[in-house]
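Worksheet: the structure to be examined is printed underneath.
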Amino acid sequence: MAKVDRRKFLKTAGAGGVGAAATAVAAPAIAQSAPEIKWRLTSSFPKNLDTIYGAAETFAKAVAEATDNKFQITVFAGGEIVPPLQAADAVTNGSVEMCHTASYYFWGKDPTFAFGTAVPFGLNARMQNAWHYEGGAIDLMNKFYAKHKIYALPAGNTGAQMGGWYRKEINTPNDLKGLKMRIGGFAGTVLQKLGVVPSQIPGGDIYPSLEKGTIDAAEWVGPYDDEKLGFQKVAKYYYYPGWWEGGAMLHVFTNTDKWNSLPKSYQAIVRSAAALANTTMMAKYDVQNPAALKRLYAAGAQLRPFSEPVLDACFGAANEVYAEYSAKNADFKTTYEHMKAFRSDAYLWQQFSENGYDTYMMIQQRKKTL
Ligand code: CA
């Protein structure tokens, strides 16, 4: 560009032509960094768990909208293209690019997977978010997930779950002995120490098993999801809290090669979309659960808190399990100690913040002044 022309150009730009000039220069770069991509995401959940399954849809929709539909992620329900509990394997071996799942489903491969979702007496939803987003857990967990060719981002939370449905009351730790209970994964191992006989039964088979008495108790999620399965008709004692799922987090898993192949801008969009799904799913539960709890109560559910002796026995058993796994698995030990240090400070602060405020407000709720 000749000197005179250049001066003229700058003058034009200064007079208001910046936008036009920037567009002209930037357009080719944008075209290069916004390729058309079509990916598949397999969910570990059925469509009737609309809050959890819906988080994957929220995620995929946000990615499509932010990229003008250039990056399209098709969501498949559990079992449509991959069995629900093989979602992580499908990502690891690259047969799908992504899945939406609960990482603790894969604790049998390595118990360290449990920390991504929830562990007995672990973190509540807000703490699980803080630990992941700002407490270092996203990086820490991804060092572990990378061994399975997985890059994981938080994408949903159920909040604290309920402790399940029981055909008889559980008053003391002794009442747990011989109890046949539908409860999955890590929590099952803890309860086994107290004499519970845990079993993993798919959602659709729980009701008939409770009705026939093949099992004595079953945990699922919380009021909104439990209501659909009708447990109050066959096991009316509805216990709380679900101490094994104080804030169960879901994740979007991406195959690491596929993740690295994405333009940086798409990676940023995926991060934001996953964070949106994370917030939206929790909000949906917080809107749906109160109404469902009222309906369940009206339909005969008997709400019962676990007694302190029962919780103390479970807490002790959980700590034994943590010690046992820590002694034989270095990743588990590192992650457990990281979470434990965070948990201690988080509960220090929440005594003064939310818990202090909420306690007063819950008294008002019981007085019906709200
Ligand atoms: Ca559960």
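Exactly one residue out of Ile206, Ile183, Ile138 is over 19 Å from Ile52 (Cβ atoms) and either away from the ligand (no atom under 15 Å from the Cβ) or touching a strand residue (DSSP E or B) at 6+ places or on another chain (Cβ under 7 Å) (or both): that is Ile138.
Among residues of segment 99-129 being hydroxyl-bearing (Ser, Thr, Tyr) and crowded, with 22+ Cβ neighbours inside 10 Å, the one that is nearest to the chain's Cα centre (by Cα) is Thr117. Regarding segment 66-73, can at least one residue be identified that is charged (D, E, K, R), open to solvent by 30 Å² or more (accessible area, probe 1.4 Å), at positive phi and at pLDDT 95 or above? Within segment 66-73, one or more residues are charged (D, E, K, R), open to solvent by 30 Å² or more (accessible area, probe 1.4 Å), at positive phi and at pLDDT 95 or above. Residue count for segment 80-128, restricted to those that are among the basic types (Lys, Arg) and either at pLDDT below 95 or touching a His at 6+ places or on another chain (Cβ under 9 Å) (or both): 1. Here Thr214 meets each of (1) under 22 Å from the mean Cα position of the chain (by Cα); (2) among the β-branched types (Val, Ile, Thr); (3) assigned to a loop (DSSP other than H, G, I, E, B) with one exception, condition (1).
Scanning segment 217-231 for residues that are open to solvent by less than 30 Å² (accessible area, probe 1.4 Å) and part of a helix (DSSP H, G or I) yields Pro223, Asp225, Asp226, Phe231. For Tyr240, the conditions (1) surrounded by fewer than 20 Cβ atoms within 10 Å (Cβ to Cβ); (2) away from the ligand (no atom under 16 Å from the Cβ); (3) at pLDDT 95 or above are fulfilled apart from (2).
Counting only helices (runs of 4 or more DSSP H) wholly contained in segment 119-210, the ones carrying 2 or more residues that are without any contact (Cβ under 8 Å) to a residue 24 or more places away in the chain occupy 137-145, 185-192. Within segment 299-328, residues that are in contact (Cβ under 8 Å) with a residue 12 or more places away in the chain have Cβ atoms under 9 Å from residues that are open to solvent by 50 Å² or more (accessible area, probe 1.4 Å) and acidic (Asp, Glu) in these pairs: Ala299/Glu227; Gln302/Glu169; Arg304/Glu169, counting only partners at least 6 apart in sequence or on another chain.
Of the candidates Tyr357, Tyr322, the single residue that is farther than 27 Å from Phe113 by Cα, in a helix (DSSP H, G or I) and aromatic (Phe, Trp, Tyr) is Tyr357.
Hey, any hits in segment 152-163 for a residue that's open to solvent by 30 Å² or more (accessible area, probe 1.4 Å) and more than 16 Å from the ligand (Cβ to nearest atom)? No - not one qualifying residue is present in segment 152-163.
The values are calculated or read from the model by the stated rules, or taken from the named source; none is laboratory data. Values in this document were obtained by computation on a predicted structure and should not be read as measured data. Please note: Cβ atoms are built from the backbone with ideal geometry, for glycine as well, and neighbour counts cover all protein chains shown. Keep in mind that these areas ignore ligands, DNA and RNA; they rest on the heavy atoms of the full protein, side chains included. Shrake-Rupley method; radii C 1.70, N 1.55, O 1.52, S 1.80 Å.
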